[in-house]
1. Express in nm, to one decimal, how much length is gained between T7 and I108 on full extension, taking 0.36 nm for each residue of separation and deducting their alpha carbon distance.
2. Which value in nm describes the separation of the simple spin-label points at R45 and D143, placed 7 Å from the Cα toward the beta carbon?
3. What residues from the stretch 22-37 fall in the zone where the backbone N is under 15 Å from a label point 7 Å along the Cα-to-C-beta line of E61?
Amino acid sequence: MHELGTTAAVTRTVDLWERRPAERDSAFEDWTIDGVPLRRLVADRWGVPDLPSELTRLWPEAPRAAVAGLRALLGDGTPDFGDGRVALLVCAVDQDINCRALAASLVIEIDAVHWRDVGWQVDFEEFVPAPDEYGPLSTYSFDRRQYEGLLGELLRRYEALAAATPAEPPVRQRRRRAPWSR
């Protein structure tokens with residue numbers, strides 16, 4: 001059995017609120033498996049030095065998405081994909097699963113929770129759980145009590161954050177330009 005955890009992480013996102021979209025760092029919580037960040041495990045499996053830019057939904061800037069993602073990972077919410085799979089990492093810009101998401105089949109047993117056939121997926125194509133050019137797809141198994149304890153704690157924290165956050169982001173006022181400054 002693996003041990004699931006979280007760790008502080010940062011990725012580059014694009015701020016779409018600005019007149020000209022600008023990149024910025026965004027802090028979030030990455031999943032860890034046996035102490036190794038999930039994004040590192042993905043990069044190592046694909047043989048690349050850079051971590052993927054995708055992030056977990058454990059992002060304080062979007063607590064409602066975190067709540068929905070945690071419920072799905074607990075088996076209590078709506079899966080992200082029509083085939084029942086749940087997203088583990090999503091697009092860093094807008095969390096759209098159609099950009100690309102690292103997803104898994106969630107299997108909950110009496111004493112264990114499994115993330116099976118972990119692989120990249122989009123909503124508009126059927127996921128085919130077959131080995132790819134890097135070998136067999138990953139599967140992670142967790143002790144159910146430890147898994148549900150961690151996700152339950154995260155769920156409570158993000159529910160409180162969502163309750164304290166306005167439903168819609170505040171409208172940003174754009175400065176008016178003088179007609180002669182064009």
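Bear in mind that the values in this text are calculations on the coordinates, not laboratory data. Remember, predicted model here, so these are calculated numbers, not experimental data. Cβ atoms come from the backbone with ideal geometry, glycine included; neighbour counts cover every protein chain shown.
1. Details: separation 101, 0.36 × 101 = 36.36 nm, distance 2.38 nm.
The span from T7 to I108 would gain 34.0 nm if fully extended.
2. Computed distance between label sites R45 and D143 equals 2.4 nm.
3. 22-30, by backbone N distance to the label point.
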